Amino acid sequence: MTDPFNASSISPCPGPENRRGFLKMGLAGFASLTLPGILRLQAASPATKKKDKTAVIMVWQPGGCSHIDTYDPKPNAPSEYSGPFGTIPTKIPGMNFSELLPMQAKIADKFTVLRSMRHGSPGHPAGTLRMLTGDTDSRDKQIPKYPDWMSVTNYLRSKEGPRKNPLPPYVGMNFSSQRVGAAYLGDAYGPFTVSGDPNKPNFSVPNIGLSNAAEVKQLDRRATLRQKLDTLERTFDQEGELKALDEFEIQAMTLLTNPKTKDAFDLSKEDDRTRDRYGRNTWGQQLLMARRLVEAGVDILTTSLSGPLCGRVNNWDDHAVNHHVFDAMRFRSQVYDQAVSALIEDIYERGLDDRVMVVVTGEFGRTPKINYQPSTGVGNASAPAGTKQPGRDHWARAFSNIWAGGGIETGRFIGATDKLGEDSIDRICGAGDFLATIYHHLGIDSSNVLIEDFNGRPTPIIADQGKPIPELIG
């Protein structure tokens, strides 16, 4: 059966025609590295730069955020659709938000809302793969077929020459989307992973910025030994794969030994008022660290707003069996609203808005029509097991995301949904358009870049090909 919401059925936004491993090692791990042949690939054509390169912060809402209860309220719809929240005006006339977002409403002139996203992948794995890789397969799968845009960018940037900045180009901070990854590119192009709660006073990132001279000397001896052991293997390295990995070894050594790298992750360097502004909680401090890292030279930063601040099931998956959807939205909204608005304001106040893009999105939205089911367990935003409570289910036919920075024109919304919020009806944009827009800001012409997969086939970097969204390309 043909999926009525697959890429071919979407009216796309019109547009212009035309090793995680190497960075997770400790001292002992670094000495014992082996160099498997994992890089049997080359870019079939170089990235075409259409604008100055932008760093991208992607704030991910795992599970999917209700558009009706946030950026696209429907006050005139029946109550079984509109829900209990009131509507408030924003700084932009004619653009109203849910009452849950008063801080974002006050700075609506600093971002643009895309209200007409749509795709045909209704499950979490498939929806995530669709949004982050462009995979058009609507079936859920746990292992990605294609690399995500973050790994692709990391790979393409690595082909431009040695990196001068000691920080890793791609950082994943509490990024809880394990369903995506580098796929056939190899783990070398995955993120430097940061986990834990940056709001805790004892939070630290291990294996960066060694300051003990004896440890640095020991590390250097081990690296030298490993290089000697590689000599024989290099003799038989016909495809230059080992040489290709040298760049990552150098990055790892730099990250481990350069004291400046430690400063970039050190939130104590921030003024207390700034930390308070973002919120003294996990999400607030995650987004503050995100700003700090891109300002210091990280190119790609992904972070998830997940965990206890979401409610009982630690994500935005507000089925009635998981959460009382409206209690869940109330529970997380103040922290969410504060953290996101602080990040966006900070980007502009620090003069980063031309070179840093902030994108806030999930894999899809939630059903416009409210349903009622018995709760499966008591907890934050959920009544005791067996209690009938409201929820919203998966919904990929219409959802919203927000965009700030990147030199784009802000203070507006793009597209529209119908009066019930069930379908995108104007300026419909698919996952391919979403990805093409991000690639554009990263200096990559996604329509002309191919990378060989495991079988040596030149493969487009967006399976669900799209075009940059004109209003969002700067």
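Bear in mind that the values in this text are calculations on the coordinates, not laboratory data. Quick caveat: nothing in here was measured; it's all calculated off a predicted structure. Cβ coordinates were reconstructed from backbone atoms using ideal geometry, including for glycine residues, and neighbour counts include every protein chain displayed.
Here are the numbers for the structure shown:
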quantity	calculated
Estimated FRET transfer efficiency (residue 160, residue 272; beta-carbon r; R0 41 Å; 0.05)	0.60
Computed lengthening from residue 452 to residue 197, 0.36 nm per intervening residue step minus Cα-Cα distance	88.0 nm
Whether segment 324-421 is rounded, prolate or oblate, judged on the alpha carbon gyration tensor where a/c under 1.5 counts as rounded	oblate
Sequence-distant residues sharing a close amide H with residue 414 (under 5 Å, placed H)	113, 114, 115
Filter on 262/467; 164/269; 53/467; 145/369; 74/110; 106/419 - keep pairs with C-alpha separation over 27 Å	262/467; 145/369
Relative contact order, percent, segment 368-470 [alpha-carbon distance under 8 Å, six or more residues apart]	18
Assigned charges on the beta-carbon of Lys, Arg, Asp, Glu; segment 273-353 dipole about Cα centre (debye)	340
Amide proton proximity set for residue 362, modelled H, under 5 Å, gap of 5+	61, 65
J(HN,Hα) series, segment 427-439, from Karplus relation 6.51 cos²θ - 1.76 cosθ + 1.60, nearest Hz, glycine and proline x	6, 5, 10, x, 4, x, 5, 4, 5, 4, 5, 4, 4
Total charge dipole magnitude, segment 330-474, about the Cα centre, Cβ charges on Lys, Arg, Asp, Glu only, Debye to nearest 20	680
All-pairs Cα distance distribution in segment 81-206, expressed in whole percent, bin size 5 Å	2, 9, 13, 12, 12, 15, 17, 13, 6, 2, 0
FRET efficiency, residue 330 to residue 262 (Cβ-Cβ, R0 25 Å, nearest 0.05)	0.05
Within-12-Å neighbourhood charge of residue 282 [Cβ basis; K, R +1; D, E -1]	+2
Dipole moment magnitude, nearest 20 debye, segment 60-166 about Cα centre, only Lys, Arg, Asp, Glu C-beta charged	520
